[in-house]
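Inspection log for the structure reproduced underneath, given as structure tokens.
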Amino acid sequence: MAKKYDVVVVGSGHNGLITAAYLAKAGLSVCVLESNERAGGGTMTMELTVPGFKHDICSVAHTMIQANPLIKNDELGLKSKYGLNYINPECISGVFFDDGSVLEFYSDMEKTCQSIAKFSQRDAEAYRVFNKQVWQMLDMLVMGMFNPAPGFGAQAAMMDQSPEGREMLRAQAISAWDFIDEWFEHDKVKIALARYSSEAMTNPFDHGTGMSFYIILPYMHKYGSGLPVGGSGKLPEVLIQCIEDHAGTIKVSSPVKEFKISGSEVTGVVLTTGEEILANKAVVSSLNVKQVFPDMLPGAQLPDGFVRNVRNLKHSTIQPFTLHMALNEMPKFKVPGLENFFWVEKSHASVEGFARTFRELEFGNPKRDFTAYTFQHNFDKSRVPEGKHLIHIYAFQPYNLKDGGAKRWDDIGQEVADAFLEDLRAVTTNMGDDNILGKHFMTPLDFERKNPSMMRADITHLGTFNWQLAGNRPVPGWAQYRMPLKKFYMTGSSTHPGGGVTGGSGRNAAMAIMEDLGIDFEKLIK
């Protein structure tokens, strides 16, 4: 006999868990289904190399979630009851250029300006002015992230009512590079800032990427970088505790084959084993929208043009490659002081080299130019055995290789990982074999295999272009988490506010579901 709950949530990324936690706290019986052997999605932490070394699989910092009322107001008690804790390192990132110069970013804006002033006094002042200007709009932007988005037309009409809103509309439409170029003069400053914007997994020279620069650094200066103590996986861990404390159920190793439909209503799911799990009130998917529509809804009658719009959604233009290592000693950089930063980044000194590398990636050519070395354990010693160290090497690569497509990653993955190690050895003095206790790499193809919702290794599900954000995400007309079948909802990175660890869609989807069920969300969070 099929098991039945009030709500079934498919996928246990942090957004799916957040939706489930709010609904469970509201008194609904909730079941979360996860295809992997453990929950967490892109917020997993695992001992990939050697026992005792905790490596973040995907996300390394939870910056955007810091302003979410879930965390800011501790609405579910994740901090006060379950022990979730965040650190905000003072030394955020050190960018060292291929000519030996260094630009540092700190949580303190003035210290960052002092570093920028080494390259351009004018740019240092521009950075101050820019951040102060964005801060005037940041509360509104944050409120927009952590509430369901209005339709794109309605949002544009509202923004068109003020000079500030019109400037934001323009920023959304142009490229991040063009936006940066209007504010700053020195090439190295512009390159470092554009590199930040590329963390949205898009080429900063492409139109429609301007907002990826507009918000991230002012947000970080105001709310902190949000390094989770115990690893990225601490967030799903405490969310699971919260769900289970409210009688919710988490089922891992339970891949869903399809959603069960009765007429125009989604009534549950069918697992790959054939088992059916039913829902009285709602079914919620945190999978990639392109996974779900139409293949996982056999026979569903969908609005004209809906499936076409889903199929036409564009993926991010760059994908991740990671190399994790457990170490005896902290890497000693030839450039002094870099070891004090959470994030150390290699960078071009020329705009031409910087721009060309993005295009090379888009044409399927593996590159080693964009490499970041992250050291979470510098600020969180619980991640490593006493006296030991670790490094997370994170780089951009193409999913589809020019010669051989994605499958060729199985042939060249080890070669690329070895090359990244050689590059690290070239900029350090102590990274011989005797310093390395264990290694583990993941290619873009591995990311997709580990988490099928990251289709084409897109860790944000869909590209963060302006035509795929806010009221257009996932598709125009369907940005309120309610999908075009009764009792069927979506959360996760395919929905507003998009990828990264924001928790926004998790909370927003819970609000929408509770509104439909006549449950007072505001009363729940008091």
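The values are calculated or read from the model by the stated rules, or taken from the named source; none is laboratory data. Just so you know, these numbers come straight off a predicted model, no measurement behind them. As a convention, Cβ positions derive from the backbone with ideal geometry for all residues, glycine included, and neighbour counts pool all protein chains shown.
Just one of the listed residues (I261, I250) is over 16 Å from I71 (Cα atoms), buried (at least 17 other Cβ atoms within 10 Å of the Cβ) and in contact with a Gly (Cβ under 8 Å, 6 or more places away or on another chain), and it is I261. Sort out which residues of region 115-139 are without any contact (Cβ under 8 Å) to a residue 40 or more places away in the chain, of a type outside the set (V, I, T) and within 16 Å of F184 (Cβ to Cβ), and write them in order of number. The answer is S115, A117, K118, Q121, A124, E125, R128, K132, Q133.
For V129, the test of being over 30 Å from G233 (Cα atoms), in a helix (DSSP H, G or I) and not acidic (D, E) is passed. When region 302-326 is filtered for residues that are of a type in the set (V, I, T) and either touching a helix residue (DSSP H, G or I) at 6+ places or on another chain (Cβ under 7 Å) or buried (at least 22 other Cβ atoms within 10 Å of the Cβ) (or both), the ones remaining, listed by number, are V310, T317, I318, T322.
Once region 88-103 is narrowed to residues that are buried (at least 17 other Cβ atoms within 10 Å of the Cβ) and under 23 Å from the mean Cα position of the chain (by Cα), the residue that is nearest to F370 (Cα to Cα) is V95. Consider I459 carefully, then state whether it is surrounded by 19 or more Cβ atoms within 10 Å (Cβ to Cβ), at pLDDT 95 or above and over 23 Å from R308 (Cβ atoms). Considered against the rule, which asks whether it is surrounded by 19 or more Cβ atoms within 10 Å (Cβ to Cβ), at pLDDT 95 or above and over 23 Å from R308 (Cβ atoms), I459 comes out as yes. Among the residues of region 398-426, the ones that are closer than 11 Å to M442 by Cα and either β-branched (V, I, T) or in contact with a strand residue (DSSP E or B) (Cβ under 8 Å, 6 or more places away or on another chain) (or both) come to 4 in all. With respect to the conditions (1) assigned to a loop (DSSP other than H, G, I, E, B); (2) out of contact with any Gly (no Cβ under 9 Å at 6 or more places or on another chain), D369 lacks only one, and its number is (2). Looking at E329, is it modelled with pLDDT of 95 or more, surrounded by fewer than 17 Cβ atoms within 10 Å (Cβ to Cβ) and part of a loop (DSSP other than H, G, I, E, B)? Spelling it out, E329 is indeed modelled with pLDDT of 95 or more, surrounded by fewer than 17 Cβ atoms within 10 Å (Cβ to Cβ) and part of a loop (DSSP other than H, G, I, E, B). Only one entry in D123, D139 is among the charged types (D, E, K, R), in a helix (DSSP H, G or I), out of contact with any strand residue (DSSP E or B) (no Cβ under 9 Å at 6 or more places or on another chain) and crowded, with 18+ Cβ neighbours inside 10 Å, namely D123.
Output yes when any residue across region 113-132 is under 19 Å from A372 (Cα atoms), in contact with a Leu (Cβ under 7 Å, 6 or more places away or on another chain) and not hydrophobic (A, V, I, L, M, F, W, C), and no when none is. Within region 113-132, not a single residue is under 19 Å from A372 (Cα atoms), in contact with a Leu (Cβ under 7 Å, 6 or more places away or on another chain) and not hydrophobic (A, V, I, L, M, F, W, C).
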